[in-house]
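Q: So that we are looking at the same thing, I have put the structure below in structure tokens.
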């Protein structure tokens, strides 16, 4: 889409909710606190938003804003929080079959081949071997790894391993795909190309997706809406609607409108990132003084 | 060296049999070197027998000393101890991983046992189990148990958090979480423990055979050494090494079957 003029409007989506009747995911007034040696730390502070079916929502914020805490709360991996998470009107009280999670760290099973990694959730579901391999092959093709079915993760690149994780999660056919900085460990070019792959898959499956990231270009490239979070305690600062046309590809990053969205979000984040940096430096200084 | 020769050398090193042939060649070269050093008098032949004498002693040891029967006895004891160590050691490690209180209460003791000279317990075992193969198996088992427990615990505790979270995200039951994620993730470390345990077991098995004069290769080594039959003693030691190789090959096959790739 290089050279293509894309209209830009600064759009604050206002209240960060899809129309309640439409929402497949409702995160309502989440507060999560942790006990630390320095006292109680509020990681997530009264965060509410909702996501409509087929929508791609990005959550962006500086390091320490509670993004990953929110990921774990929504995915049911963390309890002891206030507020509610609902998927299709059903309250989430732990890991939920409707939510598929893709993690930041490398999470393929090194002892399983690509096809056995992807077939894992189908094996757990009790599908016969032939059927689960057939379905797993479909998802291997979907992420563009045909021909690598019998390879092991150690024989693949970081980007390919992350695609295996994605295929494995998609094979469980979750209603909501939850991704926590899935491309954080990859270089910029691979990240953009994998972004294309995510866009294709989202387009093909109409997959409702929630992406946690600290990368502004990645968030704008992929999302329909972006929730900007404040530095600690993590609150909703703004919800930005991304009105870039779909279907999209990584070429959208060279458009003028894309640049403006990035600038707008950086404008929102800059102050938060500065606070985070100062806080981190202050903490290091105090630790040094204690020693 | 010409390019063709360099390419041929690289192809040999990459070939399936290249490394094995290099290993075998190095071993043969070492034996030849020892033979030469003894023949020229740099190594005392009354301390280290000539490899050619050791090779010549094999038929005599096999025929006159019933070495095959002794080999089977020692190998059976080693295999029995291995099975006990594997089953009870891995189970012990799993229990210590599963129950924190048990782990806190016993981990230091298990570590202490791993470092203790357990062979000194053989008089007690003789009283409990009698002068039999059972005493030897139990000595081997006792010596090999602690490292297997500790390494199983280490492997299970060292499973990456993200893999456990993947299991949780797929709603695995605790049994599925163990068999599908924790156990395969811990297997390489468990096998390190098993190899360590087997070394300790075999040392104790042969050592106790030697000490209680019950039978097996340990007793044969003792007898041949007392007769000052050095080539025969070394030939018998080769059979102990063969027991070790057999058990290790079995272990490696088992590991490859359970976890085809690391």
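The numbers here are math on the coordinates, done by the rules we state, and not lab data. Fair warning: this is a prediction, and the values are worked out from it, not measured in the lab. Note: ideal-geometry Cβ built from the backbone for every residue, glycine included; neighbour counts use all protein chains shown.
Q: Cut-off 10 angstrom, C-alpha nodes, Gaussian network model of chain A. Which of A:219, A:167, A:130 fluctuates the most?
A: A:130
Q: Can you run the Rg to Rh ratio on the stretch B:9-147? Use alpha carbon positions and the Kirkwood inverse-distance Rh.
A: Expressed as Rg/Rh, it is 1.14.
Q: Please list B:137-147, A:89-99 highest first by mean number of surrounding beta-carbon atoms within 10 Å per residue.
A: Those peptides, ordered most packed to least, come out B:137-147, A:89-99.
Q: Determine the calculated [θ] at 222 nm for chain A from helices alone, applying -39500 (n - 2.57) to every DSSP H run no shorter than 4 residues and normalising by the residue count; nearest 500 deg cm²/dmol.
A: It comes out at -11500 deg cm²/dmol, rounded to the nearest 500.
Q: Just A:36, A:217, A:108 to compare: in a GNM of chain A, with alpha carbon springs under 10 Å, which one fluctuates most?
A: A:36
Q: Per DSSP helix of 4 or more residues, -39500 (n - 2.57); summed, then divided by the residues of chain B. What does that give at 222 nm, rounded to the nearest 500?
A: Calculated mean residue ellipticity at 222 nm is -27000 deg cm²/dmol.
Q: On average, how many beta carbons from a partner chain sit within 10 Å of the beta carbon of a residue in A:101-112?
A: So the per-residue partner count for this stretch is 5.
Q: Which number comes out as Rg/Rh for the stretch A:132-291 once both Rg and the Kirkwood Rh are worked out on C-alpha atoms?
A: The Rg/Rh ratio comes out at 1.04.
Q: Please list B:237-246, B:208-217, A:65-74 highest first by mean number of surrounding beta-carbon atoms within 10 Å per residue.
A: Result, highest mean Cβ count within 10 Å first: A:65-74, B:208-217, B:237-246.
Q: With the calculation restricted to Cα positions, what are the radius of gyration and Dmax of the stretch A:198-291 in angstrom?
A: In order Rg, Dmax, the Cα atoms of the stretch A:198-291 give 16.8, 55 Å.
Q: Whole Å is fine, so just give me how far the alpha carbon centre of the stretch B:62-133 lies from that of the stretch A:56-127.
A: Centre-to-centre (Cα) distance: 44 Å.
Q: Report relative contact order for the stretch A:108-173 in percent, whole number only (criteria: Cα-Cα under 8 Å, sequence separation at least 6).
A: This gives 50 percent for the stretch A:108-173.
Q: Taking chain A, how much of its Cα-Cα pair set, in percent, is spaced more than 31 angstrom apart?
A: Result: 30 percent of Cα pairs exceed 31 Å.
Q: For B:34-43, what's the mean count of beta carbons from other chains sitting within 10 Å of each residue's beta carbon?
A: Partner-chain Cβ atoms within 10 Å, mean over residues of B:34-43: 0.
Q: Using a 7 Å offset from the Cα along the Cα-to-Cβ direction at both residue A:40 and residue B:101, what is the distance between the two label points in nm, to one decimal?
A: Spacing of the two 7 Å Cα→Cβ label points: 3.0 nm.
Q: If you take the alpha carbon radius of gyration of the stretch B:101-211 and divide it by 2.2 N^0.38 Å, what ratio comes out, to two decimals?
A: 1.34
Q: Separate question: For chain B, set up a Gaussian network in which alpha carbons nearer than 10 Å are linked by springs, and say which option among B:102, B:42, B:198 fluctuates the most.
A: Highest fluctuation of the listed residues: B:42.
Q: With the convex hull built on the Cα atoms of the stretch A:108-173, state its orientation-averaged projected area in nm².
A: The orientation-averaged projected area of the Cα hull of the stretch A:108-173 comes to 3.7 nm².
Q: Using the Cα gyration tensor of the stretch B:59-258, with a ≥ b ≥ c the square roots of its eigenvalues, what is the shape: rounded (a/c below 1.5), prolate (a/b larger than b/c) or oblate (neither)?
A: prolate
Q: Using only alpha carbon pairs under 8 Å that are at least six residues apart, calculate the relative contact order of chain A and give it in whole percent.
A: The normalised contact order for chain A reaches 28 percent.
Q: Let me confirm one metric for peptide B:158-167, namely the mean number of other chain beta-carbon atoms within 10 Å of its residues' beta-carbons.
A: Shielding by partners across B:158-167 averages 5.
Q: Looking at the square roots a ≥ b ≥ c of the eigenvalues of the Cα gyration tensor of the stretch B:3-47, which shape do they give, rounded for a/c under 1.5, prolate if a/b is larger than b/c, or oblate?
A: prolate
Q: Spin-label point model (7 Å from Cα, Cβ direction): what's the residue B:15 to residue B:68 distance in nm?
A: 3.5 nm
Q: Full-extension gain between residue B:33 and residue B:226, please, as 0.36 nm times their residue separation minus the C-alpha to C-alpha distance.
A: Value of the extension gain: 66.7 nm.
Q: Once you keep just the Cα pairs under 8 angstrom separated by 6 or more residues, what percentage relative contact order results for the stretch A:103-256?
A: 21 percent
Q: Taking only the alpha-carbon positions of the stretch B:164-262 and ignoring solvent, what does the Debye formula give for the base-10 log of I(q)/I(0) at q = 0.11, 0.20 Å⁻¹?
A: For the stretch B:164-262 at q = 0.11, 0.20 Å⁻¹, log10 I(q)/I(0) is -0.52, -0.97.
Q: Projected area of the stretch B:162-215, taken from the Cα convex hull and averaged over every viewing direction, in nm²?
A: Result: 5.1 nm².
Q: Would you mind getting the Kirkwood hydrodynamic radius of the stretch A:55-184 from its Cα pairs, rounded to one decimal in Å?
A: When all Cα pairs of the stretch A:55-184 are included, the Kirkwood radius is 15.7 Å.
Q: Oh, and also: When 1/r is averaged over all different Cα pairs and the result inverted, which Kirkwood radius in Å belongs to the protein assembly as shown?
A: The answer is 28.5 Å.
Q: Sticking with this one: Place the peptides A:195-204, B:9-18 in order of packing, highest mean first, counting for every residue the other Cβ atoms within 10 Å and averaging per peptide.
A: The densest-packed peptide leads the list: A:195-204, B:9-18.
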